[in-house]
Amino acid sequence: MSLKIVRWKPVRILASLQFTVIGLLFMAILVIGGTILQAEKGVYAAQQNIFQSWVFWLFGVLPLPGMLLVGSLLFINLSAAVIFRLKYRRSRLGILLVHIGLLVLLGGGFISSQYAREYFLTLSEGESSQMANAAHEWELAVWTQAGMKKQVQAADIADLRRGRPWPVSGSDMEVAMIRYFSNCRPAASAEMGETVLNEVAPAADPAENIPGAVLEIRASQGAARRFSIFSGNDFPVTQRYSDRDYYFTVRLKRIFLPLRIKLLHFEKTVYPGSEIPKSFSSRVEIEGGGLRREALISMNRPLRFRGYTFYQSSYGEDGQRGANSTFAVVKNIGRWLPYISSALIFLGLVVHFIGHLAAALKKYPPEVRS
Amino acid sequence: MMGKKTSCLLLAMMLMVPALLPAEGTFFMPFKRMLILENGRQKPMDTFARNLLKQFSGRSSLSGQDASSWLARVLFVPGETLSDQIFLVNHPDVPAALGIPGQGRQRFSFMQINSAADKLQQLAMQAAQLDEKNRSAVENEILRLYVNTNIYASLLNAFGFAQNPESGFPEPEAAAAPILAIMPLPDARTEKWLSPGGIIATPGLHPPGIHAEISLLTRAAKAFASGRSQEFSLAIGAFNDSIRERLQPGRANNTISLEIFYNQLDPFFKAELAYGLVLVFLLLSLLFPGRHIHGLSRLFLLAGLLVHTFGVIARMIIMSRPPVTNLYETFVFVAWTGVLLGIILEFFQKKSLGVYDRPLGGIGIMAGSVAGLVFLLVAGRYSLEGDTMGMLAAVLDSNLWLTTHVVTISVGYAGCVIAGIIGHVYIVNQLLHPGDRLFRQRTAASIHAVLAFGLVFTFIGTAMGGIWADQSWGRFWGWDPKENGALLIILWCAILFHARLAKMIGSLGMAVGAVGSIITVVLAWFGVNLLGVGMHSYGFTSGVARWLLGFVGGELVFIVVALLVIRRNPLSPDSKKERSSNTLTKN
């Protein structure tokens, strides 16, 4: 390409091999660091601090690029190289395909890291549900009860933490979050009815955290009212406001699935004469979009339905109610990108090596070929 | 002159011959072929005996006596085995803690250890209460010893019922030795097996068939005790026939002979020997240059590969599963691929180098035999941890992507390792013969090709692993330590190739980088297992951490010292010129 832009210095640097080498070195260092961190502090800490972060602070003082930043820079570098530097010749077709495949891979990784969601759903045999819980994202739910009618609404804790008050519909009150504890323990109450929360260090596995918050109810009339709430509470916190009871609770974020799923039977088999598990499988009935059928979800054989994928994740054997089965429910719009990129790269490698072989055969008669 | 292929086949046969000759006399065969259900698999008693003896003593034979005849003595003449030195204790603090005499790493008899039985039990209970992470080597050793002596003690009584002088169905004994599950229950659908003692102790399990089997065992036990080997052999044979008749015919039985042959042949040990000899011949050929010794080394490498291949295939048939399913098999398979790569490399190099006139000519042979020898040695060490043919937990079983990705990645590992070994050759050559640039040019080309091979296979394997992970639990990538390890190898190779292309490093840099790729592979392969996290961890191999650190440290020292010497070397006529194009210089 003889365009001017190709020779423009910033573009040359962005597309340069040196840029690639430095980027890959950084990535390698992050991979090593993240793996060691994971061994010490758990997967979640490693994800948050390194693999899913733009910038992280080494020892709290030294800012270093996180994997998202390094990946993005390499993505730019690779795009620039594909556009401006790589040669569009037949002999270089394989290499070009490999690098385009890598672009798709990096892009797909980014999309998955931002948009893939994982939820969990536990069912006892005979039980059915249309809802799944997040693993460790929380929401604030509030409901009122009038006779048999229960009106529930929920707000994402993450939104509340940003400081915007949440207007509770059907009333003129707003809920604001004054303080948030990602992990806390309730202490003995100072006065009756008043819970004091003590913050503790977050657990290695975020699912073990007990989040809590100090909330404030603001209304057009009357003084603002504060109260504490935490997820470990067995009972909702009741607040009376203009002659109605409002029940508040902090719970794992829920989503509605496009289907109702019922666990018919869970089965675990072991190899004879041993405790080594041979297989886990759940026979389920799914109902959605006017369809109703049975399906089998087992290890390595998930169920896919309308963009959601159900995997056999774990199980429990509880004496009275029979077995229960836990499914991981995953939604990932970027799911196909790694497949596309793997195929592109594989194709590129095949083209490249066949090209090499052909060139070698042409160049040397069989006796002197090396 | 005899064709090379023929002589190589003959050599391989010679390595196999000792297994073909029955060492103990054929009367032991029926006992070896006895079926036992252990850890979910029906296996011949021969395998069970070997694993057990290995687990106890770290060896698969006892002073020349093979494992099966040792086990037969334990079962049928228990009193005579009490002073066999079979319990290996790896830590000197253990005998001290038990108050029995002994120092260092040594083997004790049951009698010796039993004299401190109460103490052992008390210490073992203490250790068992500790969290696994907090146990020291001593505590692990005490627990191991406790478990082993208990298994042994239960086996001592396994045939106690046969001592009963009266004929007819024996009375239940206290010790049932559940580990000796050699009798399937009459109802085949339950897939449950019990020991003879267990069968006797369970009421309602005594139909006439079982009755007959128990009396066959009794007869065998009595015959063995009084030295009537013919009768022993016949009784066990009749017992085996009766059991096989009750099982669904055709299943598992076909592979029993193959498995016994595999055990006797010990193919990986034979291959190890062959590869070791190859290295000896290569060293000799440095002293006495000439075609013949080289020819011998090639011959032995091929023979070793044949035996090695037999072992890999036999395991696949016995277990009816792909070649790599556990950590042990990764060692065996990477060794195998390494040898194969070495031979392929040698084939191409022979053409390009015309090597026999110069020392260190057979680089492919050298690299292949080093990789084969080292990884088989590691495999042998690892096999002491227990049965290498265990069944696979649910998530690891029967999935196309799973099995292919492991095999592909292992091939990639082998490529990187071979490239690294050739990297050593390059560096050593530059140290010893700075002027020999032609040789290095060609070596550099090999490094480039083999490393590219390693990169490609590691990449494809990792992508396939991602596909498996996506199919199995909904994510292509999860930053699991093993995934990170594979990614690290890919990144390292990619860095090297791009840096070479950008002229940030030269051929020497590439050679050093290839050595670095061995370090990366070793860390990714079992270094991450030592981290003890993630679903890919196969469990801690004691002592490996120290070896690993030693190896990595040694390689780093080698690289640094070599680079320092090369930079200062005034001998090389073109060292300056080379330095500008060939050394590790960062822009």
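For B:His308, the stated conditions hold: it is under 17 Å from B:Ala12 (Cα atoms), of a type outside the set (D, E, K, R) and not assigned by TED's automatic domain parsing to the domain that holds B:Thr404. Name the residue that is surrounded by the most Cβ atoms within 10 Å (Cβ to Cβ), counting only residues in region A:276-293 that are touching a residue at least 24 places away in the same chain (Cβ under 8 Å) and within 14 Å of chain B (Cβ to nearest Cβ). Once the filter is applied, the top-ranked residue is A:Ser282. Residues that are surrounded by 19 or more Cβ atoms within 10 Å (Cβ to Cβ), more than 10 Å from chain A (Cβ to nearest Cβ) and at pLDDT below 90 within region B:391-405 comprise just one, B:Thr403. Each residue in region B:420-447 was checked for being surrounded by 19 or more Cβ atoms within 10 Å (Cβ to Cβ) and either of a type in the set (A, V, I, L, M, F, W, C) or within 13 Å of another protein chain (Cβ to nearest Cβ) (or both), and 9 pass. When we screen A:Leu69, A:Leu62 for residues that are more than 9 Å from chain B (Cβ to nearest Cβ), on the phi < 0 side of the Ramachandran plot and exposed (fewer than 15 other Cβ atoms within 10 Å of the Cβ), the only hit is A:Leu62.
Note on region A:40-56: residues that are in contact with a Leu (Cβ under 7 Å, 6 or more places away or on another chain) and within 11 Å of chain B (Cβ to nearest Cβ) amount to 3. A:Leu24 meets all of the listed conditions (1) touching a residue at least 40 places away in the same chain (Cβ under 8 Å); (2) of a type outside the set (Asp, Glu); (3) more than 10 Å from chain B (Cβ to nearest Cβ) but one, namely (3). When region B:555-587 is filtered for residues that are surrounded by 11 or more Cβ atoms within 10 Å (Cβ to Cβ), modelled with pLDDT of 55 or more and more than 15 Å from B:Gly435 (Cα to Cα), the ones remaining, listed by number, are B:Glu555, B:Leu556, B:Phe558, B:Ile559, B:Val560, B:Val561, B:Ala562, B:Leu563. Residues in region B:33-58 that are in contact with a helix residue (DSSP H, G or I) (Cβ under 7 Å, 6 or more places away or on another chain) and surrounded by fewer than 20 Cβ atoms within 10 Å (Cβ to Cβ): B:Gln55, B:Gly58.
In region A:229-246, the residues that are closer than 18 Å to A:Glu139 by Cβ and assigned by TED's automatic domain parsing to the domain that holds A:Arg185 form Cβ pairs under 6 Å with partners that are assigned to a loop (DSSP other than H, G, I, E, B) and not hydroxyl-bearing (Ser, Thr, Tyr), at six or more places apart or across chains, as follows: A:Phe230/A:Ile210; A:Ser231/A:Ile210; A:Ser231/A:Pro211; A:Gly232/A:Ile210. Against the conditions (1) within 26 Å of A:Asn49 (Cα to Cα); (2) surrounded by 15 or more Cβ atoms within 10 Å (Cβ to Cβ), A:Tyr241 satisfies every one except (1). Of the residues making up region A:108-161, those that are part of a helix (DSSP H, G or I) and either farther than 18 Å from A:Asn332 by Cα or of a type in the set (Lys, Arg) (or both) are A:Ile157, A:Ala158, A:Asp159, A:Leu160, A:Arg161. Comparison of B:Gly534, B:Gly550 shows that the only residue that is at pLDDT 80 or above and not hydrophobic (A, V, I, L, M, F, W, C) is B:Gly550.
Screening A:Gly273 on (1) more than 11 Å from chain B (Cβ to nearest Cβ); (2) touching a Leu at 6+ places or on another chain (Cβ under 6 Å); (3) modelled with pLDDT under 85 shows it passes everything except condition (1). Within region B:96-107, restricting attention to residues that are surrounded by fewer than 20 Cβ atoms within 10 Å (Cβ to Cβ) and on the phi < 0 side of the Ramachandran plot, the residue that is modelled with the lowest pLDDT is B:Gln103. Anything in region B:474-505 that is assigned to a helix (DSSP H, G or I), within 8 Å of chain A (Cβ to nearest Cβ) and within 30 Å of the chain's Cα centre (by Cα)? List them, or say none. Correct list: B:Pro481, B:Asn484, B:Gly485, B:Leu487, B:Leu488, B:Leu491, B:Trp492. Residue check: B:Ala303 meets all listed conditions (1) crowded, with 23+ Cβ neighbours inside 10 Å; (2) touching a Ser or Thr at 6+ places or on another chain (Cβ under 6 Å) but one, namely (2).
Candidates in region A:108-144 are the residues that are of a type in the set (S, T, N, Q) and closer than 22 Å to B:Phe476 by Cβ; of these, the one that is nearest to the other protein chains (Cβ to nearest Cβ) is A:Ser112.
For region B:280-333, the tally of residues that are closer than 17 Å to B:Asp387 by Cβ and of a type outside the set (Val, Ile, Thr) stands at 12. What's the total number of residues in region B:263-283 that are closer than 19 Å to B:Gln65 by Cα and at pLDDT below 90? So the count comes out to 4.
Across region B:448-465, the number of residues qualifying as within 22 Å of B:Asp480 (Cα to Cα) and either surrounded by 21 or more Cβ atoms within 10 Å (Cβ to Cβ) or in contact with a strand residue (DSSP E or B) (Cβ under 9 Å, 6 or more places away or on another chain) (or both) comes to 11. Among the residues making up region A:294-334, those that are crowded, with 17+ Cβ neighbours inside 10 Å, more than 17 Å from the chain's Cα centre (by Cα) and in a loop (DSSP other than H, G, I, E, B) are A:Met299, A:Asn300, A:Pro302.
The values are calculated or read from the model by the stated rules, or taken from the named source; none is laboratory data. For clarity, every value in this text was computed on a predicted model and none was experimentally measured. Note that we place each Cβ from the backbone using ideal geometry, even for glycine, and neighbour counts take in every protein chain shown.
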